[in-house]
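Take a look at the structure below.
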Amino acid sequence: MPLAGQPASMVIERSSGQVQSAKTAASTYEYADYGSKQDFKQPKQITVKNGDKLVLQWTIHAQLTEHVDAHSFDLPAGYVEIQDQGSLRATLIAPGTYRVDGSESGYHTGFSVGSHSVAIYDAPISTAEAAKVKALIEQTAPGRKLAYLVLSHSHRDHIAGTPSYAQEGVQILAGKDGKLAVERQLGAAVASKVVEVTQARELDLGGRSISIYPLASSHASDMLVAYDKSSQTLFQGDLFYLPEIGPIPPVFDVGLELEQLIKQGSLQVQQLVGVHGRSGSLQEFQKALELRRAAQPPAEKT
Ligand SMILES: [Zn+2]
């Protein structure tokens, strides 16, 4: 597959919006035999050619299921990796509200900047990548204290970069039993900086208050969701996913859990920033919820 960050061009069929092929300097990637499940299409066959020479051919048997984990969408990664992701940069989403784009892994770290402090959402996927992201944040928010690292959940790919932030003055927030999960994966020194959030908590960044909500999700029991009231932005990992390009897929079970949290907290949300995929508007989230409901109408009472 093309390396992330490597320039590539794509051919997209206008009528369907489907990617037909992608081309890098060395290779051509052809996507064929698109299968459809609900509103989401993926090619069942991917062919890699070097000039006229066949290099590789994958036939994908994986079917989209109702209960697929968000990460299943990362494989095959053709959708994400064929894009030119550009250089590492902080994309402004709303005032004081950023998402990191162009990381080597394709994961998106989010961060909120107040007048004196910064809150960072997730530390994917290695200490090396997190160190680069941390430098970018410091450059984007000069003079501010990196005060909080909020771990959306303790799956390794989301937290592996945590040691790069484990410095004096940084509080690492994790959900219930997250401290133990961090200790097992990253050691006692990093875990000693972890504070578990077991009920809603406010983080004061200076002129900006971030609410942290714990969520015992079916994806991970130690989920944390961050909400910035002033910019009406919600930061989450693996609860709601939109592919980097392409149509909106229906939400998974965890999307319903997120909807519940938004309702219970009466949160006004404009943007949903995810660690994976593109950011979504509230309208896109609602569309994904509708697609789910259309595919699975509630059971009729008898
Ligand atoms: Zn994830």
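The values are calculated or read from the model by the stated rules, or taken from the named source; none is laboratory data. None of these values were measured; they are calculated from a predicted model. Positions of Cβ are backbone-derived with ideal geometry, glycine not excepted, and every protein chain shown enters the neighbour counts.
Quick notes on this one:
- Count of the stretch 114-128 residues, restricted to those that are touching a Phe, Trp or Tyr at 6+ places or on another chain (Cβ under 8 Å) and surrounded by fewer than 22 Cβ atoms within 10 Å (Cβ to Cβ), is 2.
- Residue list for the stretch 221-236, restricted to those being under 14 Å from G280 (Cβ atoms) and part of a loop (DSSP other than H, G, I, E, B): Q232
- Of all residues in the stretch 130-152, those being within 14 Å of the ligand (Cβ to nearest atom) and either without any contact (Cβ under 8 Å) to a residue 40 or more places away in the chain or under 16 Å from V190 (Cβ atoms) (or both) number 1.
- Hits in the stretch 145-190 (condition: in a helix (DSSP H, G or I), under 18 Å from S126 (Cβ atoms) and not polar (S, T, N, Q)): R156, D157, H158, I159, P163, A181, V182, R184, L186, A189, V190
- The stretch 177-195, residues that are in contact with a strand residue (DSSP E or B) (Cβ under 6 Å, 6 or more places away or on another chain) and either over 26 Å from F240 (Cβ atoms) or crowded, with 17+ Cβ neighbours inside 10 Å (or both): G178, K179, V182, K193, V194
- Yes/no for T127 being of a type in the set (S, T, N, Q), more than 25 Å from L239 (Cβ to Cβ) and away from the ligand (no atom under 16 Å from the Cβ): yes
Residue by residue, here is whether (1) in the same structural domain as L173 (by TED's automatic domain parsing); (2) among the aliphatic types (A, V, I, L, M); (3) surrounded by fewer than 17 Cβ atoms within 10 Å (Cβ to Cβ) holds:
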| site | (1), (2), (3) |
| --- | --- |
| S221 | yes, no, yes |
| Q236 | yes, no, no |
| I245 | yes, yes, yes |
| I248 | yes, yes, no |
| E257 | yes, no, no |
| K263 | yes, no, yes |
| Q286 | yes, no, yes |
